[in-house]
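See below for the structure under consideration.
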Amino acid sequence: MGGVEIVRSGDGGRGMGGVLGEGCDNVPKHIGAALCYRTICVEGAALLGRHARPEVTMHTYPLSDYMRHIDAGRWAEVSSMLLDSAEKLRRTGANLLICPDNTAHQAIDLVREQSPLPWLHIAEEIAKVAGERHFHRLLILGTKYLMEGPVYPTKLRSRGIEYDIPPPDERKQINILLIGDADSPRPTLDQLGSWHELPCGRPCVRKRPTHGSSGRADARRSPDR
């Protein structure tokens, strides 16, 4: 699961960002939230100057609180939790929200207009960059909820970008790898395919995960699309 996690402050670096720490889908959730914070700090210094970055406040619920609703398909309950976090962050003075979890964006989309603060939407940012780079088709990797859900398809289609997802057996393995499954063995990264063939007849997206890293996906322009 990827995303744009850079906060650009328009007021000399004093803009305040609220991070909801559910994490990223290709690393353990608490680590994903920490990586988002690290990215803000590193990119903040690159954009705003030495030692500078936006102010950041983080709020998290235990992942178990989210998963009991997500596993049951109760996205309205997930939305309610996100709105509660948003309000807590608003009270700290935040003026922008980042949720570094692709899967949770399915709930964000349900209540975005009710939010007390604007959200940086991962799928919108990915679709925007993909369009700027003239990508015609992207491979969606993440939890089963993300791969089979509406978060990326709706944003990509709005920009005329096609998408693909792995076949069911691979989706199951990837989901187990990311968030686990008590009833199934955890696959190793080497057991997952390195290439996914897209309808254009050649690999357009490559994912070569290696041990000790979350892997990197290279989206490539299709020469015939």
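Bear in mind that the values in this text are calculations on the coordinates, not laboratory data. Note that the structure is a prediction, hence the values are computed from the model and not measured. We place every Cβ from the backbone using ideal geometry, glycine too, and count neighbours over all the protein chains shown.
Distance between Cα centroids, the range 33-57 to the range 115-155: provide it in whole Å.
Spelled out, the Cα-based centre of one part sits 23 Å from the other.
In what sequence do L47, L156 fall when counting other Cβ within 10 Å, fewest first?
L47, L156
Under a Cβ-Cβ cut-off of 11 Å, what is the net charge of the residues other than S158 that fall near it, where Lys and Arg count +1 and Asp and Glu count -1? List each step's numbers first, then the result.
On the way: positive: K128, K155, R157, R159; negative: E124.
Computed value for this residue: +3.
Could you give me the ³J(HN,Hα) list for the range 84-96, computed from phi with Karplus coefficients 6.51, -1.76, 1.60 and θ = phi - 60°, whole Hz, x at Gly and Pro?
With the stated coefficients, the range 84-96 comes to 5, 4, 4, 5, 4, 6, 4, 5, 7, x, 5, 10, 8 Hz.
Using θ = phi - 60° and the Karplus form 6.51 cos²θ - 1.76 cosθ + 1.60, what ³J(HN,Hα) does each residue of the range 138-155 get, whole Hz, x for Gly and Pro?
Result, rounded to whole Hz: 10, 9, 8, 10, x, 5, 4, 5, 6, 5, 9, x, x, 4, 7, x, 5, 6.
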